[in-house]
Amino acid sequence: MPPSSPAGCVPGWKICARATGAAASTKTGARSQRCIGAESTTRAPLAVHRNLHEVIAFGGVDLLDDALRVIASLNEAGVDYVVVGGVALNLHGLVRATEDLDVFVRPDPANVERLRDALKRVWDDPSIDEITAEDLCGDYPAVRYGPPEGELYLDILTRLGEATQFTDLEVEEKDVEGLVVRVATPRSLYRMKRGTVRAIDRADADALRAAFDVGDG
């Protein structure tokens, strides 16, 4: 466990996914999975251009709009969050296809309640209540939520394995079409992605190091 782990948070993972199987477990290193939300469907990745105004949304679904709608609701509900993953790379100008919105949240029961409220403003889905502080501040601090409609998936995290927890993240704000987005800095993203088992994460780390002169020093 990291030396400054939040009170009540212990090592491990619990993934709540509508997409199950090798893809989910490889991404997270999960020990166990259960489902929250819609059943597994075939999704196509989102690629965002550098100016963020043109979106390549395969299958005719604009995933960026859905992601921004979720982020706007997180802001309105006062959720303490940080966007990471592929969406964060795109916000820093590194074009990379992604199929989900990865969000770190502060592992606090009140903050998790605000998170649920924010998601309920976007989707009328009773399964949102299954996203609990007991999970996110417990043995399995990760939830994959599949909304009842649309193609966007949400990966909600309070810690990434033993390497990264919410308080480790450096944050900056980006203005996206008038919406303020709290996003992890390139250095934080690099630290999250270096040395992981997934080839795409290693490629992301290489791109971050080259574009922003971040490294292990």
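The numbers here are math on the coordinates, done by the rules we state, and not lab data. The structure presented is a predicted model; accordingly, all values stated were derived computationally and were not measured. Because the Cβ atoms are built from the backbone with ideal geometry, glycine has one as well, and the counts that use them run over all protein chains shown.
Tabulated data for the structure shown
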| item | result |
| --- | --- |
| Computed label-point distance, nm, for sites Glu149 and Ile200 using a 7 Å Cα→Cβ extension | 2.6 nm |
| Lys174 paired with Asp65, simple spin-label distance in nm, labels 7 Å along Cα-to-beta-carbon | 2.0 nm |
| Amide H contacts of Gln165 (H built 1.01 Å from N, under 5 Å, at least 5 apart or other chain) | Leu160 |
| Fully extended contour minus Cα-Cα distance, from Arg187 to Arg121, at 0.36 nm per residue | 20.5 nm |
| Translational D in µm²/s for region 169-217 (Stokes-Einstein at 25 °C, 0.890 mPa s, Kirkwood Rh from C-alpha pairs) | 213 µm²/s |
| Estimated distance in nm for a label pair at Thr132 and Glu113, the labels positioned 7 Å out from Cα along Cα-to-Cβ | 1.6 nm |
